[in-house]
Amino acid sequence: MEKDYIEFKLPSNVCYIESVRVFIGKLSETLGFPKKRTADIQLALDEICSNAVNHGSMSTESGIKIQITVHKRFLELMVSDTGGKNTKNWFTPEKLAEIQARRTPEGEGGHGLYLIECLTDGHKLQANKYGGTDVTILFNRTNEVG
């Protein structure tokens with residue numbers, strides 16, 4: 001297996017995120033990830049999908065795209081949104097630094113990015129051609145299946 005792709009689009013509605021969490025959990029188990037690491041994968045993807053739905057989509061119809069790539073050595077997940085009312089040109093290094101600096105234990109904002117840093121083996125955020133954001137996360141595979 002060189003790499004396999006799974007791609008789907010969801011309406012921008014939080015009610016669909018549970019299905020994504022179940023799907024990625026079953027896939028992670030099938031790929032040989034331990035239960036703890038599977039839970040990390042589910043939580044990270046849930047956080048990214050929640051942010052895409054709540055902050056990165058103009059409407060339910062605009063949706064979010066999830067691309068899963070199964071490589072021999074790692075699992076790559078990318079969530080893409082189309083941007084929201086307040087996200088036009090938001091994606092700058094300065095803005096990301098500001099979000100991180102304002103994060104406090106009592107506050108509500110900025111914890112998602114910190115969570116992603118802690119749970120993943122690699123991550124990348126970048127603006128996309130639709131005015132939204134692509135968030136890519138990586139998880140190293142220790143057990144090879146398939």
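Which length gain, in nm to one decimal place, applies between ARG73 and THR142 when the Cα-Cα distance is subtracted from 0.36 nm times their residue separation? Walk me through the intermediate numbers first.
On the way: separation 69, 0.36 × 69 = 24.84 nm, distance 0.75 nm.
Gain on stretching ARG73 to THR142: 24.1 nm.
Could I have the simple spin-label model distance between GLU117 and GLU2, label points 7 Å from Cα toward Cβ, reported in nm to one decimal?
3.6 nm
For PHE74, enumerate residues with amide H under 5 Å from its amide H, sequence gap 5+ or separate chain, H modeled in the peptide plane.
Here ARG141 satisfy the definition.
All of the numbers you see were taken from the coordinates with simple rules; none came from a lab. Since this is a predicted model, take the numbers as computed values, not measurements. All Cβ positions, glycine included, derive from the backbone under ideal geometry; neighbour counts span all protein chains shown.
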